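Take a look at the structure set out below.
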Amino acid sequence: MLSKAKPNQIGLLKKPDGNFTNSETETLELLASTHFPGSHMTLASKSFRALRRPCNEDWCRATKIIRPNLVQWTVDCFKPYKTSGDDGIMPIHLLIGIDILFPYLVKIFSVSFVWGYIPELWTIVKVLFIPKAGRKDYALPKSFRPLAFLPFFLRHWKNVIDRYIRDPALATKLIHYNQHAYRRDKSTKTALISVIDSVEKALEDKEIAVCAFPDVEGAFDSSPTSLLVGGLTSKNVDPKW
């Protein structure tokens with residue numbers, strides 16, 4: 001809960017009822033409920049219950065998705081000393097021992113994939129809350145934003161699955177050309193350029209340009225999992241993964 005610019009910035013925060021938190025634990029609970037709706041404090045670990053035992057088809061699919069060259073790519077794509085997750089493992093540790101670790105890494109990713117199970121240690125995420133610039137009242141929990149540091153094993157695994165979603169699946173079920181998110185060679189810059197081009201064209205043609213900029217509060221935090229799965233399924237992504 002530290003920021004480089006303003007260390008120890010977070011103190012007692014104002015709750016929705018107007019009262020202030022009275023302990024660090026209560027402050028963390030308020031931040032968690034604000035930025036991660038539906039989350040709850042727990043110390044109990046969940047037992048692993050597989051939905052079904054993998055079949056030969058699952059293992060064949062895993063060999064096509066968890067390819068050695070793709071795993072090597074995701075290991076190489078991170079800077080060596082990028083900030084680690086709660087486990088303290090940085091990319092440099094994997095790079096130094098990659099010759100020994102590589103075959104085990106491929107096997108672990110494959111097993112995780114076919115069983116649809118993420119190891120419990122990979123789900124422990126270090127979260128830092130940093131102050132948003134320009135806020136008038138830093139006693140409000142929304143004046144801070146969470147910065148999550150995932151374990152690098154999970155980040156590598158996520159990159160491999162991300163490539164599976166982007167390349168084979170979305171290649172056959174194209175995203176709308178006006179969508180700039182989650183598309184190669186598209187970004188917020190291309191979205192902004194697209195809007196500016198439309199406005200400039202309207203001005204040149206002596207027309208009126210009307211723009212709407214809706215801001216859905218907590219759009220990603222509050223999106224139901226079933227809705228996300230449904231969207232992926234419509235794009236030819238296997239709902240199991």
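Okay, residues lined up against (1) within 30 Å of Arg61 (Cβ to Cβ); (2) not small (Gly, Ala, Ser); (3) not assigned by TED's automatic domain parsing to the domain that holds Gly97:
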| site | (1), (2), (3) |
| --- | --- |
| Ser110 | yes, no, no |
| Lys136 | no, yes, no |
| Arg145 | no, yes, no |
| Leu154 | yes, yes, no |
| Ile161 | yes, yes, no |
Quiz prompt | Every residue from segment 182-206 that is closer than 30 Å to Arg163 by Cβ and either charged (D, E, K, R) or assigned to a helix (DSSP H, G or I) (or both) | solution = Arg183, Arg184, Asp185, Lys186, Thr188, Lys189, Thr190, Ala191, Leu192, Ile193, Ser194, Val195
Quiz prompt | Odd one out for Phe149 among (1) under 21 Å from the mean Cα position of the chain (by Cα); (2) farther than 22 Å from Pro37 by Cα; (3) not polar (S, T, N, Q) | solution = (2)
Practice problem: Report whether or not Leu192 is at pLDDT 85 or above and more than 30 Å from Phe20 (Cβ to Cβ). | Solution: yes
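The values are calculated or read from the model by the stated rules, or taken from the named source; none is laboratory data. Computed from a prediction, not measured in an experiment: that's the story for all the values here. Here the Cβ is made from the backbone with ideal geometry for all residues, glycine too, and neighbour counts use every protein chain on show.
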